[in-house]
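Each value in this text was obtained by applying a stated rule to the coordinates, not by laboratory testing. Source: prediction; values computed, not measured. All Cβ positions, even for glycine, are placed from backbone atoms using ideal geometry, and neighbour counts span all protein chains on display.
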Amino acid sequence: MGATDSPTDSSDPFPFPGALPAPTLYLSQTSAQVGSSVQLQCSVFSRVPATRIVFCKDGEELLSQTGSEEKVTYDYDDKVSKSSTGDYACGYEIKDSNNRMNRSQLSSAQHLSVTGKEGERQSQYNCPCSGKERIHMQIAKQHMQISKG
């Protein structure tokens, strides 16, 4: 993914530093667990309808959608995995009257943190202790480590 028809500046990880104003990206949450879902929403405010919307992660194209005259907001639901941690952004393209592609600047990056791993979640459900007991056990372990040191 990430291939485009136009030449790119090799110093820029993604060929999107365009002249059009940047869209706005919203994340439904900035911290999520493995297996959950995060919605990315890209809002494009332009006088001319966008031809293509691009969602990026860490400067690389993740997914693109075809633009529509009726839409201003474009959604993408991401199933969270261990590798989902990163900086997300979006951009758009518009064809002008001469059929040339014009690109927007990328939106401000939004960081998504993945909390917990599949194995950690599993062990929480199998633990016979209540939440309060787990906290007391963690404090006791920390206290033991401090006294040893």
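When ranked by the protection proxy of mean other Cβ atoms within 10 Å per residue, highest first, what sequence do the peptides 85-98, 33-46 form?
Ranking, from highest mean packing down: 85-98, 33-46.
List the trypsin sites (Lys or Arg not before Pro) within the range 33-93 that DSSP assigns to loop and that have no more than 14 neighbouring Cβ atoms inside 10 Å.
Arg47
Taking +1 at the Cβ of each Lys and Arg and -1 at the Cβ of each Asp and Glu, which of Gln41, Tyr92, Asn102 sits farthest along the dipole of the range 1-116 towards its positive end, judged by Cα position relative to the Cα centre?
Positive-end residue among those listed: Gln41.
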